[in-house]
Amino acid sequence: MLDPHLVTHALSGPGMDATTAAVDDTLRLAQGGELRAAAERASLSIEDGATDARLIASFLLGVFAERGPVALPEILATVRFALEGGFRALRPFQRKTRVADSAWTLLFRGIRSSIDFYEAKRDATWKTWATTIQRDLPARTAAEAEALAKAITTVIESPQSVRELAALRARSESVFQRVPPPPPPPPPPPAEVTPAELELIEEQVVDELEEKPLSDPEPVFDSEKLHPSTPPARTIEVSPALEQFIRKLEAFELLVSRGDMGKAAIVAQDVRRVLDRFDPRVYLPALLAPHFRLLSAHIGDIAPHWEAEGGAAWQALEQLYQVDLDAFVGT
């Protein structure tokens with residue numbers, strides 16, 4: 001696990017410049033969206049004593065990618081230490097404040113983009129976050145952000161990172177307060193039923209069944225049954241074309257979250273072209289196959305009725321079909 005104490009330990013020493021290759025490799029991985037790989041690359045130099053602000057920012061961004069929102073207060077506290085107790089060791093010496101301001105700006109912006117991305121996606125990562133976020137996280141994050149903002153303005157003149165920090169603070173408060181609380185722990189397993197208790201339960205069930213008259217069967221079509229409070233879950237086989245289209249949508253979300261708008265524009269244009277000529281027979285063949293099989297099997301009985309299209313009876317039924325499918329099916 002990536003540990004922010006690695007950074008504070010390095011900053012507690014004399015400090016050391018990182019090699020150009022280490023910085024370039026780390027930034028290349030981070031800008032390519034490989035946040036954990038970038039953090040691991042940065043950690044190699046930080047373990048050796050390197051205290052370059054760009055490596056620290058990339059490392060902390062990887063910490064957030066690995067641990068999620070629960071790590072945010074510790075990440076902000078680590079940045080504050082770099083500006084207070086560890087500022088003398090922070091590198092590079094040349095243009096230190098400007099490089100640090102740029103590094104923290106990218107760090108805060110990257111964390112905010114990750115929050116936006118996973119909130120929109122609501123995937124397994126988001127569900128994991130929901131199980132780990134505690135009620136006091138927004139307050140702890142806000143307190144650390146406020147202390148960090150003071151540290152930044154004390155050291156850096158006209159810092160851009162303060163604005164990004166304020167945006168991250170506001171976004172985290174808005175999102176983390178809406179995340180549902182962790183689910184309650186599962187109930188304890190039921191005690192083992194003895195044979196005597198089981199026999200008694202069976203006798204009670206038999207007695208209840210004998211006393212309760214059988215109810216009439218429910219009708220096949222019931223408007224209440226066709227309108228459940230929660231729509232039923234449906235499973236549809238994903239065709240290769242649909243799988244590729246889904247990958248394009250996910251790629252667009254990822255590019256936007258990284259701020260790579262040039263590539264995002266190319267994907268968006270391609271998605272628009274696909275939608276303009278969208279053919280469900282290509283993208284949803286498994287959904288439509290049963291319909292076409294049934295239609296071909298009964299086309300001889302169905303085709304004569306098409307001759308009535310446009311007539312008064314056809315129009316009346318068609319209007320009912322458009323406004324109330326349940327009543328149409330039950331008629």
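Of the residues that sit in region 1-38 and are among the β-branched types (V, I, T) and in a helix (DSSP H, G or I), which one is farthest from A71 (Cα to Cα)? Break it down stepwise before answering.
Of all residues in region 1-38, those among the β-branched types (V, I, T) come to 7-8, 19-20, 23, 26.
Subsequent filtering for residues that are in a helix (DSSP H, G or I) retains 7-8, 20, 23, 26.
On the way: V7: 14, T8: 15, T20: 29, V23: 24, T26: 21 Å.
Per the criteria, the residue is T20.
Given the residues R41, R54, which is the only one that is within 15 Å of A82 (Cα to Cα), part of a helix (DSSP H, G or I) and touching a helix residue (DSSP H, G or I) at 6+ places or on another chain (Cβ under 7 Å)?
Details: R41 fails: within 15 Å of A82 (Cα to Cα).
Among R41, R54, only R54 is within 15 Å of A82 (Cα to Cα), part of a helix (DSSP H, G or I) and touching a helix residue (DSSP H, G or I) at 6+ places or on another chain (Cβ under 7 Å).
Could you identify the single residue in G300, G310 that is over 30 Å from L107 (Cα atoms), free of Cβ contacts under 8 Å to residues at least 40 places away in the same chain, not in a helix (DSSP H, G or I) and not basic (K, R)? First the steps, then the outcome.
Values: G300 fails: not in a helix (DSSP H, G or I).
Criteria check complete, one pass: G310.
Give the number of residues within region 106-163 that are of a type in the set (V, I, T) and either over 23 Å from the mean Cα position of the chain (by Cα) or in a loop (DSSP other than H, G, I, E, B) (or both). Show your work before the answer.
Let us first name the residues in region 106-163 that are of a type in the set (V, I, T), namely 111, 115, 125, 128, 131-133, 141, 152-156, 162.
So of that shortlist, the ones also either over 23 Å from the mean Cα position of the chain (by Cα) or in a loop (DSSP other than H, G, I, E, B) (or both) come out as 133, 152-156, 162.
Looking only at that region, the number is 7.
Every residue, every condition in (1) within 28 Å of A251 (Cα to Cα); (2) buried (at least 17 other Cβ atoms within 10 Å of the Cβ); (3) of a type in the set (D, E, K, R), yes or no:
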| site | (1), (2), (3) |
| --- | --- |
| P73 | no, yes, no |
| L83 | no, yes, no |
| R91 | no, yes, yes |
| T105 | yes, yes, no |
| G110 | yes, yes, no |
| K150 | no, no, yes |
| T153 | no, no, no |
| E157 | no, no, yes |
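Would you say L275 is surrounded by 12 or more Cβ atoms within 10 Å (Cβ to Cβ) and either closer than 25 Å to P240 by Cβ or in contact with a Phe, Trp or Tyr (Cβ under 8 Å, 6 or more places away or on another chain) (or both)? Steps first, please.
Values: surrounded by 12 or more Cβ atoms within 10 Å (Cβ to Cβ): no; either closer than 25 Å to P240 by Cβ or in contact with a Phe, Trp or Tyr (Cβ under 8 Å, 6 or more places away or on another chain) (or both): yes.
No; evaluated as a whole, the condition is false for this residue.
Taking the condition of being closer than 30 Å to L242 by Cα and not polar (S, T, N, Q), how many residues in region 278-313 meet it?
21
Conditions (1) among the hydrophobic types (A, V, I, L, M, F, W, C); (2) modelled with pLDDT under 80; (3) within 27 Å of R109 (Cα to Cα), marked per residue:
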| site | (1), (2), (3) |
| --- | --- |
| L242 | yes, no, no |
| R247 | no, no, yes |
| A251 | yes, no, yes |
| G330 | no, yes, no |
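Are any residues in region 64-105 not basic (K, R) and not in a helix (DSSP H, G or I), and if so, which ones?
So the first thing to find is which residues in region 64-105 are not basic (K, R), and the list is 64-66, 68-79, 81-87, 89-90, 92-94, 97, 99-105.
The answer is E84, G85, G86, L90, P92, F93, Q94.
Are there any pairs, at least 6 apart or on different chains, whose C-beta atoms fall under 6 Å, with the first in region 247-260 and charged (D, E, K, R) and the second part of a helix (DSSP H, G or I), and if so, which?
These pairs meet every condition: K248/V267; K248/V271.
Given the condition of a type in the set (D, E, K, R) and over 24 Å from E34 (Cβ atoms), answer yes or no: does some residue in region 124-137 qualify?
Here is the first cut: in region 124-137, the ones of a type in the set (D, E, K, R) are 127, 135-136.
In the following step, the residues that additionally are over 24 Å from E34 (Cβ atoms) were identified as 135-136.
Yes, because at least one residue in region 124-137 is of a type in the set (D, E, K, R) and over 24 Å from E34 (Cβ atoms).
Quick one: is A22 farther than 21 Å from A167 by Cα, surrounded by fewer than 21 Cβ atoms within 10 Å (Cβ to Cβ), of a type in the set (G, A, S) and without any contact (Cβ under 8 Å) to a residue 40 or more places away in the chain? Please lay out each step first, then the result.
On the way: farther than 21 Å from A167 by Cα: yes; surrounded by fewer than 21 Cβ atoms within 10 Å (Cβ to Cβ): yes; of a type in the set (G, A, S): yes; without any contact (Cβ under 8 Å) to a residue 40 or more places away in the chain: yes.
Considered against the rule, which asks whether it is farther than 21 Å from A167 by Cα, surrounded by fewer than 21 Cβ atoms within 10 Å (Cβ to Cβ), of a type in the set (G, A, S) and without any contact (Cβ under 8 Å) to a residue 40 or more places away in the chain, A22 comes out as yes.
The values are calculated or read from the model by the stated rules, or taken from the named source; none is laboratory data. Worth saying up front: this structure is predicted, and the values here are computed from it rather than measured. Reconstructed Cβ throughout: ideal geometry from the backbone, glycine too, with neighbour counts over all protein chains shown.
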